[in-house]
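Accompanying notes for the structure given below.
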Amino acid sequence: MSLPKRVNKFVVADPNVCIGCATCMAACYESSHKRGKLAVPRLIVTRSKSGTMPNQCRQCDDAPCANVCPVGALRFADDNIELFEEICIGCKMCTLACPFGAIRAEAEIMPSVNYAMEPKYNLAIESEIGAKSIAVKCDLCAGDDNGPACVQVCPTGALLFIDSQNIDYKLINQKAEGAVESFVNTALRTI
Amino acid sequence: MTNDLVEFATDSEVLFLIGTNTSECHPIIAMQMLRGIERGAKMIVIDPKETDMAKKADIYIQTPVGYNIPLLNAMINHIIKEDLFDKEFVNNYSNGLEYVKYAVADFTPQRVEKETGIPASLVIEAAEMYAKAGAAAICYTMGMTQFIDGTSNIFSLSNLAILTGNLGKKGAGVNPLRGQNNVQGACDMGALPNVTSAGLVTDAGVREHIKSIWGTEISSKPGFTLTQVPHKIEEGKVKFLYVFGENPVMSDPWTEHFIEAVEKLDIMVVQDIFLTETAQKADVVLPAASWGEKDGTFLNTSRRVAYVSKAVEPAAGVVPDWKVICNIAQRIGLKGFDYYKAEEIWDEVRKINPKFFGGLSYARIIKENGISWPCPDETHPGTPVLYEDKKSMLPDGKFKLVPVIYADDKKDRASLEKKLIDHLNIPSDYPVGSGALSEKVNELYPCLFTTGRKVYHYHTGTMTRECKPLEMGADIMGPAIEVSIDIAEARDLEENCYAVVENKRGKIAAKVKINPDLRHGTIFTTFHYAEADGNELSNAEDTDPLSGMNPLKMTIAAIRRISEEEFIKVREETDMHMHPSEQYRTVRR
Amino acid sequence: MEKFQTTCPYCGTGCNIDLLVKNNKIVKAEPTKGHHVNDGELCLKGLYGWEYVHSPRRLTKPLIRKKDGQFSKEGELVEVDFDEAYDFVASKMKTTVEKHGSDSIMGFSSARCTNEDNYAFQKLFRMQGTNNIDHCARL
């Protein structure tokens, strides 16, 4: 008998190889549009002084967003945090609770809006009457058999899809080996 | 490019990136460079903006906008002084070492430090890293060329490559990364005022050769450059302008001036796939088939001729651009425009320039997935690396080291050049370069203003802004004025507040983004958006004396915070002159 | 579904794309596997930058600026048929050359169009005795 192994799946980027090309964002838009979700990117290429990488939901095991959601729109699923867009009331509590800034409140862009006059990146707050903003976060392209679209398209292979099968190898063991290697090679020699 | 871009991944030991934001403008070239870095290649990045590539670089030098020649000369100075240059290559295959030695004598890494605050040690480190590499590739884009000393900037780069013997071998070379799909092709096809597809218009042999194929004598007088056109229209010299597949109202410098000029034309014809800002001001608009609806060939930045396939049928009556041109030529009564497929035109090109294209039939291009010119015959494998025989394309087969000097005032350039020529007894047919800033910041316009691209859009946005995953997906920000931290602090600008940037030529309003990657005193914006087009402010008065290029990458401007009401007012004014007819104001992407 | 291998219309890299076409509509773009230049990868413009081909805002009819049915600089752009537009441009080009000389016409060619388009365009101008031709590579 084996114990069930529960590790939330997640997508994470390697900033060492990310070139900030935003191909993942376009893929995310396309995927959410095709799957009938709110058509906005769920990961945002974020530039900082020291480097660039896309930022998205980490699917935390004890997710603050799901804990804080008053209507159960964010729920603990088997291996991720699920978001039911149709239940969301747009209270934005999850956006405040998320420690990674990975949940945003977004409204659908309205064809009636004249975007030359209204910079679109402020729509979440300044949206038209009738366009309710809702929480948006990475859903790992649920419903697409090929897995997260961003991981498939990344030209430099900077995005990794981590699940219980490969977390040990890709994120932990490899690095552990690397750390031991460098310790043996350099640190130990000088002791 | 002298080399093939894939060599960045496989052969280059050092990548020397100057004036290029490779990861935003050429993501797949950046990917190949990254593969090179994973292999162990080192990277030097020189740019006023700390780009994503700069953050991955081994050495990053943040230059003021336009400060290229003093820096490159200082590097050359150090390389010569420390005897790091490739004596075998320089002595056997080049001319002009003495000229360059003299021209760079005044430029030291210490001078660079004094003038800009860039540590001299960093300049030395970069020079040595480049010079000591077995194969080092120089890559540049418009951040080198769009200045009044653009040609001299490139002289300096080729000096670096010649001095260190970085020509004619894999992974080295001088590599302009072409910003548009077929810049190389348009140049090689002779869409230039002084060059035909066979060579210079001033060359009698070239004209004779063309006459033997076209049956018509061509003019020996070089034509006007694109940047001269607004002035030539105002002087009454140009009466008829035919624009195809470009949007100069947005992409040419100083929008207002350009619009005023084209209004004076007798007739402007625009041939395009959309009713662009330029087409809206035209007298005749001709639709044409787009990419995907026609076949033909493109020439990529590595001089690789690649096939473009027709995938879908265009709307009824809409034909490829070349067919539209033939329809008009035949109605004028010109002979030699009876092509019925694109391949026939290409076969004529092969006859016009057999040295480059002779061996490149459609069948072969398709079969071999693209081949780099020169490819003179069907058995020739193509030439991904130029100059492998260490012979230049000049008559004497030698590479020219060009002395490049720098003037504090742009008015002194010619006299300084003359002084240099007289002092060194340089022959009159030997090139000499000089640099200077087109404009200097002053009290009224205290900020440097530069433009560039964002990865999700392309040029004036005619195509990309019609694509939802790009316009709505990747571009979540829209037009923004990016400012350095010091500018934001001095003017009380906050992230996302409204601001207007203006100079004597024009103004644009957009939201502010504070970008810590910009060098102090710098404002950056794009030219993708009709509603806030950076070229409204660009300098159209000053030109490079050698190429006629305007300094699109550099002007001066002032910025101030504005209210939402004023923001809307400026946007409405912009909208009025970009889309003057009420009829098309709603045609907005 | 049909597949066409082509070259990307955006930057100068020259990545190869496999376009998937269904009922005369492009439905998907995929990177050409194992291609020399892009080795099975594409950036966002290559993957998603083809939608404009099928945009409803594409031009499909020529337009001439007219007022009361006649060509006029003060008029509005109105749809005309192809023959009228070609005839009009040809006659204006011819009369301009006759009246003001060959160097009074100028052409802006396009670095986004094919070699064949560019070649035909410069030939049109050079055959009329002028070298007034340039393109947007500078921009």
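The values are calculated or read from the model by the stated rules, or taken from the named source; none is laboratory data. Computed from a predicted structure; not experimentally measured. All Cβ positions, even for glycine, are placed from backbone atoms using ideal geometry, and neighbour counts span all protein chains on display. Accessible surface areas use protein heavy atoms only, side chains included; no ligands, DNA or RNA. Shrake-Rupley method; radii C 1.70, N 1.55, O 1.52, S 1.80 Å.
For the range B:262-280, give me the residue count where each residue is outside any strand (DSSP E or B) and either under 20 Å from C:Arg58 (Cα atoms) or open to solvent by less than 10 Å² (accessible area, probe 1.4 Å) (or both).
Residues meeting the conditions: 10.
If B:Lys468 passes every condition in (1) closer than 30 Å to B:Tyr99 by Cβ; (2) touching a Phe, Trp or Tyr at 6+ places or on another chain (Cβ under 9 Å); (3) of a type outside the set (S, T, N, Q) but one, which one does it miss?
Every listed condition holds for B:Lys468 apart from (1).
Go through (1) in a strand (DSSP E or B); (2) surrounded by 17 or more Cβ atoms within 10 Å (Cβ to Cβ); (3) of a type in the set (Lys, Arg) and name the single condition A:Lys37 misses.
(1)
Those residues that are among the charged types (D, E, K, R), crowded, with 18+ Cβ neighbours inside 10 Å and more than 22 Å from the chain's Cα centre (by Cα), I need them from the range C:1-53; list them, please.
C:Asp39, C:Glu41
Could you list all residues from the range B:55-75 that are under 19 Å from B:Glu482 (Cα atoms) and within 20 Å of the chain's Cα centre (by Cα)?
Matches in the range B:55-75: B:Thr63, B:Pro64, B:Val65, B:Gly66.
Count, please, the residues in the range A:79-94 that happen to be in contact (Cβ under 8 Å) with a residue 60 or more places away in the chain and among the acidic types (Asp, Glu).
2
Among the residues of the range A:56-70, are any modelled with pLDDT of 90 or more, touching a Lys or Arg at 6+ places or on another chain (Cβ under 7 Å) and within 14 Å of another protein chain (Cβ to nearest Cβ)?
Yes, there is a match, as at least one residue in the range A:56-70 is modelled with pLDDT of 90 or more, touching a Lys or Arg at 6+ places or on another chain (Cβ under 7 Å) and within 14 Å of another protein chain (Cβ to nearest Cβ).
For B:Tyr406, only one of the following conditions fails: (1) in the same structural domain as B:Tyr99 (by TED's automatic domain parsing); (2) out of contact with any Gly (no Cβ under 6 Å at 6 or more places or on another chain). What is its number?
The failed condition is (2).
Going through B:Arg304, B:Arg331 one at a time, which residue ends up being within 23 Å of the chain's Cα centre (by Cα) and facing another protein chain (nearest Cβ under 7 Å)?
The unique qualifying residue is B:Arg304.
Just to be sure, is B:Val104 assigned by TED's automatic domain parsing to the domain that holds B:Ser156 and within 28 Å of the chain's Cα centre (by Cα)?
So B:Val104 fits the description; yes.
Any residue in the range A:95-104 that is modelled with pLDDT of 80 or more, basic (Lys, Arg) and closer than 30 Å to A:Lys9 by Cα?
Yes - at least one qualifying residue is present in the range A:95-104.
For the range C:12-51, enumerate the residues that are among the charged types (D, E, K, R), over 24 Å from A:Gly157 (Cβ atoms) and within 7 Å of chain B (Cβ to nearest Cβ).
Within the range C:12-51, C:Lys25, C:Glu51 qualify.
Can you spot a residue in the range B:455-465 that is within 24 Å of B:Thr145 (Cβ to Cβ), modelled with pLDDT under 95 and part of a helix (DSSP H, G or I)?
So far as the range B:455-465 goes, yes, one or more of its residues are within 24 Å of B:Thr145 (Cβ to Cβ), modelled with pLDDT under 95 and part of a helix (DSSP H, G or I).
Please tell me if B:Gly292 is free of Cβ contacts under 8 Å to residues at least 24 places away in the same chain and either more than 9 Å from chain C (Cβ to nearest Cβ) or within 26 Å of the chain's Cα centre (by Cα) (or both).
Yes; evaluated as a whole, the condition is true for this residue.
Let me spell it out: the conditions are (1) crowded, with 23+ Cβ neighbours inside 10 Å; (2) without any contact (Cβ under 8 Å) to a residue 12 or more places away in the chain, and B:Tyr340 meets all of them except one. Which number is the exception?
Only one criterion in (1) crowded, with 23+ Cβ neighbours inside 10 Å; (2) without any contact (Cβ under 8 Å) to a residue 12 or more places away in the chain is unmet by B:Tyr340, namely (1).
Just the residues that are charged (D, E, K, R), assigned to a loop (DSSP other than H, G, I, E, B) and over 20 Å from the mean Cα position of the chain (by Cα), please, taken from the range B:205-249.
B:Glu217, B:Lys221, B:Glu235, B:Lys237, B:Lys239
Quick one: which of B:Val65, B:Val45 is without any contact (Cβ under 8 Å) to a residue 40 or more places away in the chain, more than 14 Å from chain C (Cβ to nearest Cβ) and not in a helix (DSSP H, G or I)?
Only one candidate passes the filter, namely B:Val45.
Quick check, is C:Asp68 open to solvent by 10 Å² or more (accessible area, probe 1.4 Å) and on the phi > 0 side of the Ramachandran plot?
Answer is yes for this residue.
Out of the range B:238-258, which residues are away from every other protein chain (no Cβ under 11 Å) and closer than 26 Å to B:Asn182 by Cα?
B:Val249, B:Trp254, B:Thr255, B:Phe258
If the requirement is being more than 20 Å from B:Lys468 (Cα to Cα), open to solvent by less than 70 Å² (accessible area, probe 1.4 Å), within 12 Å of chain B (Cβ to nearest Cβ) and among the hydroxyl-bearing types (Ser, Thr, Tyr), which of these qualifies: A:Ser48, A:Ser32?
One residue alone meets the criteria, A:Ser48.
How many residues does the range C:13-72 contain that are part of a strand (DSSP E or B), in contact with a strand residue (DSSP E or B) (Cβ under 6 Å, 6 or more places away or on another chain) and closer than 23 Å to A:Cys28 by Cβ?
Of the residues in the range C:13-72, 9 are part of a strand (DSSP E or B), in contact with a strand residue (DSSP E or B) (Cβ under 6 Å, 6 or more places away or on another chain) and closer than 23 Å to A:Cys28 by Cβ.
Taking the range C:52-61 as the search range and keeping residues that are facing another protein chain (nearest Cβ under 7 Å) and free of Cβ contacts under 8 Å to residues at least 24 places away in the same chain, which one is nearest to B:Tyr307 (Cα to Cα)?
Here the answer is C:Tyr52.
Out of (1) surrounded by fewer than 22 Cβ atoms within 10 Å (Cβ to Cβ); (2) free of Cβ contacts under 8 Å to residues at least 12 places away in the same chain, what's the single condition that is false for C:Leu77?
Single failed check for C:Leu77: (2).
Quick check, is B:Thr196 open to solvent by less than 10 Å² (accessible area, probe 1.4 Å), modelled with pLDDT under 95 and not small (Gly, Ala, Ser)?
Considered against the rule, which asks whether it is open to solvent by less than 10 Å² (accessible area, probe 1.4 Å), modelled with pLDDT under 95 and not small (Gly, Ala, Ser), B:Thr196 comes out as yes.
Looking at the range B:217-236, which of its residues are open to solvent by less than 30 Å² (accessible area, probe 1.4 Å), farther than 18 Å from B:Asp252 by Cα and among the hydroxyl-bearing types (Ser, Thr, Tyr)?
B:Ser219
Would the range B:93-115 turn up any residue that is more than 29 Å from B:Ser547 (Cα to Cα), open to solvent by 10 Å² or more (accessible area, probe 1.4 Å) and among the small types (Gly, Ala, Ser)?
No: zero hits.
Inspect all residues belonging to the range C:84-97 and state whether any of them is open to solvent by less than 10 Å² (accessible area, probe 1.4 Å), more than 7 Å from chain B (Cβ to nearest Cβ), in contact (Cβ under 8 Å) with a residue 12 or more places away in the chain and not hydroxyl-bearing (Ser, Thr, Tyr).
no
Output the residues belonging to the range C:98-122 that are within 19 Å of the chain's Cα centre (by Cα) and more than 7 Å from every other protein chain (Cβ to nearest Cβ).
If the condition is that a residue be within 19 Å of the chain's Cα centre (by Cα) and more than 7 Å from every other protein chain (Cβ to nearest Cβ), then no residue fits.
Determine which member of the set B:Thr63, B:Thr22, B:Thr51 is surrounded by fewer than 23 Cβ atoms within 10 Å (Cβ to Cβ) and not aromatic (Phe, Trp, Tyr).
Of B:Thr63, B:Thr22, B:Thr51, the one residue that is surrounded by fewer than 23 Cβ atoms within 10 Å (Cβ to Cβ) and not aromatic (Phe, Trp, Tyr) is B:Thr63.
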